[in-house]
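> Here it is, the structure in full.
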Ligand SMILES: NC(=O)c1ccc[n+]([C@@H]2O[C@H](COP(=O)([O-])OP(=O)(O)OC[C@H]3O[C@@H](n4cnc5c(N)ncnc54)[C@H](OP(=O)(O)O)[C@@H]3O)[C@@H](O)[C@H]2O)c1
């Protein structure tokens, strides 16, 4: 698709991949709107990227999504692309007895329910545009479980399945549905995992987003930058080997699993 002269809403545009998307899409001549929860980070992004339009909005909050829709469509009726990028990834020990049942599924609200609700809210508007697109940012961890972040992988696998289904349902509309299967990248989201992710495995966000934009321009509906390509092949050819690889660091992080065979 032509990535010039669009009006693009990016959730979570104040850092990492979302910021990089905003910067590159502005350079290409698009009108770019970003969201985030933290107003200071939005103000800072506005200082660094004066062309960007900012909206404080939490993608896990239903009311905030409705308000965002009202504000955006009133101010930017030409909105034709939504990038569901906001996300969170937490290291969680599922045997920790102090885990709170409500907080446990926070990533589900942000990474999975958030994009699903954003699509539902904005879809009728997108369908009125001559060309339109939705890009959901999933992860290489949609292709294999990552036991250090067990809920995160579940949300991204869910978002991937939902995105494929959405693409089929929208096949006769002007709305193209893309998935960016992002590999591990040098952003604050990956910081808590640098003891298990080697520096060389972390992709530079600017290179990742350059590949993502190239994929969008060439209508590649599933975009696999960097190591995501290898994960994609491995997940189909040798999923057990891949899971073993991705399970490294669990014992070190959470201690010996309770009820292990050796304890009996
Ligand atoms: N970095 C990686 O290794 C990697 C790999 C694969 C996929 N991804 C995916 O890429 C996307 C971007 O991640 P990143 O690495 O760029 O992370 P990041 O640097 O931590 O940025 C996350 C962005 O999302 C915003 N955000 C978080 N929760 C939000 C919420 N509830 N509502 C609205 N905005 C929210 C943050 O701003 P506020 O905190 O101010 O809200 C920030 O702007 C995520 O979907 C992530 O799962 C990342």
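> Scan region 191-205 and report the pairs whose first residue is over 19 Å from residue 181 (Cβ atoms) and touching a residue at least 24 places away in the same chain (Cβ under 8 Å) and whose second residue is within 12 Å of the ligand (Cβ to nearest atom) and in a helix (DSSP H, G or I), with Cβ atoms within less than 7 Å and a gap of 6+ or a chain change.
Every condition considered, no pair remains.
> Going residue by residue through region 170-178, is there one that turns out to be farther than 22 Å from residue 127 by Cβ and crowded, with 19+ Cβ neighbours inside 10 Å? Can you show your working first?
Of all residues in region 170-178, those farther than 22 Å from residue 127 by Cβ come to none.
The answer is no, given that none of the residues of region 170-178 is farther than 22 Å from residue 127 by Cβ and crowded, with 19+ Cβ neighbours inside 10 Å.
> Turning to a different aspect of this structure: Determine the pairs where a residue that is under 29 Å from residue 131 (Cα atoms) and at pLDDT 95 or above, located within region 30-48, has a partner that is away from the ligand (no atom under 11 Å from the Cβ) and assigned to a helix (DSSP H, G or I) with Cβ atoms under 6 Å apart, the partner being 6 or more residues away or on another chain.
Listed pairs, sorted by first residue: 32/25; 32/26.
> Answer with yes or no whether residue 97 is in a loop (DSSP other than H, G, I, E, B), without any contact (Cβ under 8 Å) to a residue 12 or more places away in the chain and either out of contact with any helix residue (DSSP H, G or I) (no Cβ under 8 Å at 6 or more places or on another chain) or at positive phi (or both).
Yes: the conditions hold for residue 97.
> If a residue has to be touching a helix residue (DSSP H, G or I) at 6+ places or on another chain (Cβ under 7 Å) and within 16 Å of residue 85 (Cβ to Cβ) to count, how many in region 1-21 make the cut?
If we filter region 1-21 for residues that are touching a helix residue (DSSP H, G or I) at 6+ places or on another chain (Cβ under 7 Å), which is where we start, we get 1, 3, 8-17, 19-21.
Applying the additional criterion that residues be within 16 Å of residue 85 (Cβ to Cβ) yields 3, 8-17, 19-21.
Total meeting the criteria: 14.
> Right, next: Which one is nearest to the ligand (Cβ to nearest atom) among residues in region 1-34 that are part of a strand (DSSP E or B) and either farther than 20 Å from residue 67 by Cα or over 13 Å from the mean Cα position of the chain (by Cα) (or both)? Show your work before the answer.
Here is the first cut: in region 1-34, the ones part of a strand (DSSP E or B) are 7-10, 31-34.
Applying the additional criterion that residues be either farther than 20 Å from residue 67 by Cα or over 13 Å from the mean Cα position of the chain (by Cα) (or both) yields 7-9, 31-34.
Numbers: 7: 19, 8: 15, 9: 12, 31: 19, 32: 13, 33: 13, 34: 8 Å.
It comes out as 34.
> If I ask for residues that are over 16 Å from the mean Cα position of the chain (by Cα) and outside any helix (DSSP H, G or I), which ones from region 163-184 would you list?
Matches in region 163-184: 170, 171, 172, 173, 174, 175, 176.
> Among the residues of region 35-52 satisfying the criterion of being within 15 Å of the ligand (Cβ to nearest atom) and assigned to a loop (DSSP other than H, G, I, E, B), which is surrounded by the fewest Cβ atoms within 10 Å (Cβ to Cβ)?
Only one residue fits best here, namely 38.
> If you check 197, 237, 242, which single one turns out to be farther than 24 Å from residue 83 by Cα, more than 18 Å from the chain's Cα centre (by Cα) and within 11 Å of the ligand (Cβ to nearest atom)? Spell out how you get there, then give the answer.
Numbers: 237 fails: within 11 Å of the ligand (Cβ to nearest atom); 242 fails: within 11 Å of the ligand (Cβ to nearest atom).
Exactly one residue qualifies, and that residue is 197.
Residues are listed down the side, and each one gets a yes or a no for (1) within 25 Å of residue 27 (Cβ to Cβ); (2) exposed (fewer than 13 other Cβ atoms within 10 Å of the Cβ):
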position	(1), (2)
185	yes, no
200	no, yes
211	yes, no
228	yes, no
242	no, no
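The values are calculated or read from the model by the stated rules, or taken from the named source; none is laboratory data. All of these numbers come straight from a predicted model, not from anything done at the bench. Note that we place each Cβ from the backbone using ideal geometry, even for glycine, and neighbour counts take in every protein chain shown.
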